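The values are calculated or read from the model by the stated rules, or taken from the named source; none is laboratory data. Here the structure is a predicted model, which is why all the values come from computation and not from measurement. Here the Cβ positions follow ideal geometry from the backbone for every residue, glycine too, while neighbour counts run over all protein chains shown.
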Amino acid sequence: MVTSTAIKNNKTPKRNTAHRVALGEITPNNLGQLKKLNTVLFPVQYSEKFYKDVLEVGEFAKFAYFNDCCIGAVCCRKEQIKESNQGTTSDQAKLYIMTLGVLAPYRNLGIGTKLLTHILQHATLTTQHPKFVEIYLHVQTSNEEALAFYKKYDFEIVATVEGYYKKISPPDAYVLSKKL
Ligand SMILES: CC(C)(COP(=O)(O)OP(=O)(O)OC[C@H]1O[C@@H](n2cnc3c(N)ncnc32)[C@H](O)[C@@H]1OP(=O)(O)O)[C@@H](O)C(=O)NCCC(=O)NCCS
């Protein structure tokens, strides 16, 4: 049923598709799938180191499946925070979202939310060591879709990095951050 609220907001109501969505592991055997997805989703080419690191972060890198088809993924990096002055590592860390994307036909179905919720849940587990105190990422300043998505989940723009991207226009990025 199309509700009056949905009509007022000029949005197509979402069908209940949650039962068709699942998350899955990224392994050496399906890494090629991630490379293909990233080629379609992002205007940036990722290095072999990116793909090597993805295999080491456990729950912080996941595929999203819709009806058993791979249609999205999230890949994060853990960054241990250094003690100021001494250069030694503290017991606190940041989680950096390197990529989070859903293929265009499957957007606005809550799949990006499912990927983000998964990493947030794992980042805030009391058993996490080192403890994550922040999650952050870079977003191209023109990427309104992604900015709206992250703002909905209380990420804030904390900086603008001019010339962050070398081969795409605009080259500038916002740093979006959320304290955990
Ligand atoms: C950003 C992205 C991951 C969102 O994925 P998604 O599966 O469409 O997101 P969801 O369906 O979970 O949307 C959740 C909320 O985000 C916001 N949102 C998502 N897309 C939006 C859009 N195009 N315009 C406005 N708000 C939007 C809405 O508030 C939405 O909630 P609502 O529909 O209940 O209002 C997706 O657009 C994408 O893959 N973009 C290309 C890759 C990219 O730029 N990634 C970000 C940099 S890492």
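Assorted remarks:
- Scanning region 137-159 for residues that are under 16 Å from L115 (Cα atoms), in contact with a Leu (Cβ under 9 Å, 6 or more places away or on another chain) and of a type in the set (D, E, K, R) yields a count of 1.
- A single member of P43, P130 is at pLDDT below 95 and near the ligand (Cβ under 10 Å from one of its atoms), and it is P43.
- Residues of region 103-115 that turn out to be more than 10 Å from the chain's Cα centre (by Cα) and within 6 Å of the ligand (Cβ to nearest atom), as a count: 5
- In region 25-41, residue farthest from P105 (Cα to Cα) [restricted to those that are part of a helix (DSSP H, G or I) and aliphatic (A, V, I, L, M)]: L31
- Those strands (runs of 3 or more DSSP E) lying entirely in region 42-157 with at least 1 residues surrounded by fewer than 18 Cβ atoms within 10 Å (Cβ to Cβ) and among the charged types (D, E, K, R): 69-82, 89-102, 131-140
- Failed condition for K167, given (1) away from the ligand (no atom under 12 Å from the Cβ); (2) free of Cβ contacts under 8 Å to residues at least 60 places away in the same chain: (2)
- Only one of H118, H122 that is within 27 Å of N16 (Cβ to Cβ) and more than 16 Å from the ligand (Cβ to nearest atom): H122
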